[in-house]
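*Asks:* My questions will all concern the structure given below.
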Amino acid sequence: MLLDYHMHLEKGEFTKEWWEEFYCRELENGIREVGVSEHAHRFVEARYIYEHLPYTEKWCDSSLEKYIGFMEELKSIYNVKIGIEMDYFPEKEDEIRSFLERYNVFDYVLGSVHWLRCGFGFDIDPNDPRWSNDLEEIFLDYFDRIKRAINSGIFDIIAHLDLIKLWGVPLPENIDEIYEDISKVIADSGIVLEINTSGLRRPVKEIYPSLKFLKIISRYDVPITFGSDAHLPEDAGRSIRDTYTLIKDLGFRRLTVFNKRRPEFIDL
Ligand SMILES: [Zn+2]
Ligand SMILES: [Zn+2]
């Protein structure tokens, strides 16, 4: 069964018409299980998690209540799951936990790292001067946060595992060691790994995680989900069918379906 648990409606309103543009494209791509995963950073109710970052007020201007209400309405008509993409900040673990306890309506929670030390939002601008800092340090900071996110136990799914490569920067020499380390951490934690196809649409032109990384992770029996990370209807479910075949060939066996944060594993 093809599944897509990573999609954002944020470029439009919460209307059935806008949602259907995504949903129809998912169906055309053969996707049978769909989930919406709005960014937590867009909601006023989550502002306290983000107040240490620049741009917060501009971003956190939507209503989470409205999102939840809209998704519950969709659920009564379509086979759709309510997800959320939460940023991870090591210093905000308590705040993230309290937010998820308060709004315990989600079918799954994606954990993401988009922010590094000193508020460096690395996926915003490839010309950010901080990209000229030591690349190895940037990668180490990123993967240290990924590791903590996985071990925090806060999230159901770890999203776009090697997003840090998105601009096609050269990988540091010790990258294999990092891949080995993170693979073990994933296997030990029991977290579900997202196979995210949006990297194919970025300068790096690779899925997350990369083939090399996936070959290492495939030695462990890690459960997975898929995500197109679509922000526009034309990207909904994109490249998931081809990627599914690749993942199966690599030896992954368990696809994960979530209901109210309870995972169920089915054969790929
Ligand atoms: Zn993301
Ligand atoms: Zn996303």
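The values are calculated or read from the model by the stated rules, or taken from the named source; none is laboratory data. Computed from a predicted structure; not experimentally measured. Quick reminder, even Gly has a Cβ in these numbers, built from the backbone with ideal geometry, and neighbours come from all protein chains shown.
*Asks:* Which of the following residues is in contact with an Asp or Glu (Cβ under 9 Å, 6 or more places away or on another chain), more than 16 Å from ligand 1 (Cβ to nearest atom) and modelled with pLDDT of 95 or more: I31, I68, I84, I96?
*Replies:* Answer to the selection: I31.
*Asks:* Show the residue pairs that are 6+ apart or on different chains and have beta-carbon atoms under 6 Å apart, the first residue being within the range 229-245 and surrounded by fewer than 23 Cβ atoms within 10 Å (Cβ to Cβ), the second being among the basic types (K, R) and assigned to a helix (DSSP H, G or I).
*Replies:* Matching pairs, first to second residue: P233/R25.
*Asks:* Given the options T243, T225, name the one that is of a type outside the set (K, R), part of a helix (DSSP H, G or I), within 13 Å of I195 (Cβ to Cβ) and modelled with pLDDT of 95 or more. Let's see the steps before the verdict.
*Replies:* Working: T225 fails: part of a helix (DSSP H, G or I).
Residue meeting the stated conditions: T243.
*Asks:* Whether any residue in the range 179-190 is under 16 Å from the mean Cα position of the chain (by Cα), at pLDDT 95 or above and basic (K, R) is what I want to check.
*Replies:* There is no residue in the range 179-190 that is under 16 Å from the mean Cα position of the chain (by Cα), at pLDDT 95 or above and basic (K, R).
*Asks:* Quick test for you: out of E51, E28, pick the one residue that is free of Cβ contacts under 8 Å to residues at least 40 places away in the same chain and surrounded by fewer than 13 Cβ atoms within 10 Å (Cβ to Cβ). Give the steps one after another, and end with the answer.
*Replies:* Working: E28 fails: free of Cβ contacts under 8 Å to residues at least 40 places away in the same chain.
When all the criteria are applied, what remains is E51.
*Asks:* Can I ask one more? When both residues are 6+ apart or on different chains and their Cβ atoms are under 6 Å apart, which pairs have a first residue that lies in the range 105-126 and is over 15 Å from A159 (Cα atoms) and within 15 Å of ligand 1 (Cβ to nearest atom), and a second that is assigned to a helix (DSSP H, G or I) and acidic (D, E)?
*Replies:* L116/D141
*Asks:* Moving to a separate point now. If only one of R241, R202 is away from ligand 2 (no atom under 16 Å from the Cβ) and closer than 23 Å to E21 by Cβ, which one is it?
*Replies:* None of the others qualify; the one that does is R241.
*Asks:* Now for a different question. Looking at E95, E33, E38, which one is over 17 Å from the mean Cα position of the chain (by Cα) and either surrounded by 14 or more Cβ atoms within 10 Å (Cβ to Cβ) or not in a loop (DSSP other than H, G, I, E, B) (or both)?
*Replies:* E95
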